[in-house]
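For reference, the structure discussed in these notes is given below.
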Amino acid sequence: MAPSFDDGNFLFDFVVQKGNGVKGLVDNGIKIVPERYIQPPNERIDKKIINSRIQQKYQELVAIDLSKLNGPENDQVVRDISIAAETLGFFQVINHGINLELLELLKNAAHKFFSQPPEKKALYLKGVSPSPLVKYGTSFVPEMEMALEWKDYVSMMYTNDNEALSQWPNECKEVALEYLKSSTKMVRKLLEILFGNLGATLDDTKFESLTGLKMVNMNFYPTCPSPELTVGVGRHSDMGTLTVLLQDGIGGLYVKLEEAVEEGKDEWIEIPPIPGALVINVGDTMQILSNGRYKSAEHRVRTTSSESRVSVPLFTTPKPSEKIGPLPQLVEIDGVAHYKEVLFGDYMQNFFGKAHEGKKSLDFAKNNSA
């Protein structure tokens, strides 16, 4: 007989503290979403209200062919990347130079990790993990959330190749490391373009300061009996510089339109899966250093009842010891600094100290006197 998950304390202990995760609930045959996972109506994702006209408008921006760089269409590609960063904060890239077979192996490795027995995954729970570089968990910060997110994850921090290969989980360490190294080359090129659009130069020192901390996450979204009541990930923006995301073919990633926000509206579009593509999204760090020209993308993830979904983001962020603030030349042009200089470690602490709540994380760095 399956255990009862009506008791919130029992559920929290089972899912979070014992490391069974959401997958443990599904493996126990639940047919009804536990109350602890039911989102308030304003946080639920209703596919029926997605505006098809707006979806079509942005479709052209979200698939950029990087193989056209340094060719006759170079300038157009550079413009497309810059416009996407200034408006949506999200775009997809194809012909990015990362082996497509590697991306398939990466998705397979994610499924392999999460298909392990709970006690195998629980070895990496916060507080007991044998490595400070690896953390397995569920939701975002479950201790602070009114409603939990329908997601399990494993996070792997990068220091160097040797430590990654010796400390990351065996089920995914080699493909995850190759993904990180291959993607970092692409991130460098994208940042060079985005800095050039700001009239700035990205040298080795600046690149290291903006991407000195890298993390590969593997996210697992089990099938959900009532997707309309839950979210896989709640509304948030990423704290770092750029995020590279591999999503599978199931879909469910939604981005809030920045221009709609400025008009007081709440409109979202789906970032549809494109075979072989990678999703790029602008993080808070880029919005801050661009003095607001680039938009960190507020996004969220819908669950599905048909099949389990995986995604693999690579987060490139400054090291905690780095200070982030608007580029001086942009402040001079704008006549005002919209953000103050902050220690990135402090920004991280604030980001991880609260439940997801849209782009509220940026308030930590806002210059209220601007």
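Being of a type in the set (Asp, Glu), loosely packed, with under 13 Cβ neighbours inside 10 Å and at pLDDT 90 or above: is that true of residue 46 here? When the stated conditions are applied, residue 46 does not pass them. Those residues that are loosely packed, with under 15 Cβ neighbours inside 10 Å and not in a helix (DSSP H, G or I), I need them from segment 118-130; list them, please. Answer for segment 118-130, where residues must be loosely packed, with under 15 Cβ neighbours inside 10 Å and not in a helix (DSSP H, G or I): 126, 127, 128, 130.
Within segment 191-233, track down each residue that is of a type outside the set (A, V, I, L, M), open to solvent by less than 20 Å² (accessible area, probe 1.4 Å) and under 18 Å from residue 15 (Cα atoms). Matches in segment 191-233: 219, 220, 221, 222, 224, 230, 232.
Checked against (1) modelled with pLDDT of 95 or more; (2) under 19 Å from the mean Cα position of the chain (by Cα), residue 131 passes all but condition (2).
Only one of the numbered conditions (1) at pLDDT below 95; (2) surrounded by fewer than 14 Cβ atoms within 10 Å (Cβ to Cβ); (3) more than 24 Å from residue 287 (Cα to Cα) is not met by residue 51, and that is (2).
Scanning segment 1-13 for residues that are open to solvent by 30 Å² or more (accessible area, probe 1.4 Å) and either in contact with a Leu (Cβ under 9 Å, 6 or more places away or on another chain) or not in a helix (DSSP H, G or I) (or both) turns up 1, 2, 3, 4, 6, 7, 12. Kindly provide the set of residues from segment 265-308 that are of a type in the set (Phe, Trp, Tyr) and closer than 12 Å to residue 242 by Cα, ordered by number. If the condition is that a residue be of a type in the set (Phe, Trp, Tyr) and closer than 12 Å to residue 242 by Cα, then 294 is the only one that fits. Within this structure, residue 134 passes the test of being hydrophobic (A, V, I, L, M, F, W, C) and over 30 Å from residue 78 (Cα atoms).
If I filter segment 22-37 down to residues being open to solvent by 60 Å² or more (accessible area, probe 1.4 Å) and not in a helix (DSSP H, G or I), which single residue comes out as nearest to residue 144 (Cα to Cα)? Here the answer is 32. For segment 172-190, a residue qualifies if it is buried (at least 18 other Cβ atoms within 10 Å of the Cβ), touching a strand residue (DSSP E or B) at 6+ places or on another chain (Cβ under 8 Å) and β-branched (Val, Ile, Thr), and exactly one does: 187. Cβ-Cβ distances below 7 Å connect the following pairs, each with a first residue in segment 149-171 that is surrounded by 12 or more Cβ atoms within 10 Å (Cβ to Cβ), a second residue that is of a type in the set (Phe, Trp, Tyr) and modelled with pLDDT under 95, and a separation of six or more residues or different chains: 149/140; 150/37. Highlighted here are the helices (runs of 4 or more DSSP H) found entirely within segment 274-370 that include at least 1 residues which are of a type in the set (Phe, Trp, Tyr) and open to solvent by 20 Å² or more (accessible area, probe 1.4 Å): 344-352. Restricting attention to segment 137-144, does a residue exist that is surrounded by fewer than 16 Cβ atoms within 10 Å (Cβ to Cβ) and either of a type in the set (Phe, Trp, Tyr) or not in a helix (DSSP H, G or I) (or both)? Yes: segment 137-144 contains one or more residues that are surrounded by fewer than 16 Cβ atoms within 10 Å (Cβ to Cβ) and either of a type in the set (Phe, Trp, Tyr) or not in a helix (DSSP H, G or I) (or both).
If the condition is being at pLDDT below 85 and of a type in the set (Gly, Ala, Ser), then segment 244-273 contributes 260, 264. Among the residues of this structure, residue 241 does not count as one that is more than 24 Å from residue 63 (Cα to Cα), modelled with pLDDT of 90 or more and β-branched (Val, Ile, Thr).
Residues are listed down the side, and each one gets a yes or a no for (1) touching a residue at least 60 places away in the same chain (Cβ under 8 Å); (2) surrounded by 14 or more Cβ atoms within 10 Å (Cβ to Cβ); (3) among the small types (Gly, Ala, Ser); (4) under 26 Å from residue 258 (Cα atoms):
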| residue | (1), (2), (3), (4) |
| --- | --- |
| 74 | no, no, no, no |
| 86 | yes, yes, no, yes |
| 92 | yes, yes, no, yes |
| 100 | yes, no, no, no |
| 106 | yes, yes, no, no |
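The values are calculated or read from the model by the stated rules, or taken from the named source; none is laboratory data. This one's a predicted model, so the numbers in the text were calculated from it and none came from an experiment. Positions of Cβ are generated from backbone atoms using ideal geometry, with glycine treated the same way; all protein chains shown enter the neighbour counts. All accessible areas refer to the heavy atoms of the entire protein, side chains included, with ligands and DNA or RNA removed. Shrake-Rupley method; radii C 1.70, N 1.55, O 1.52, S 1.80 Å.
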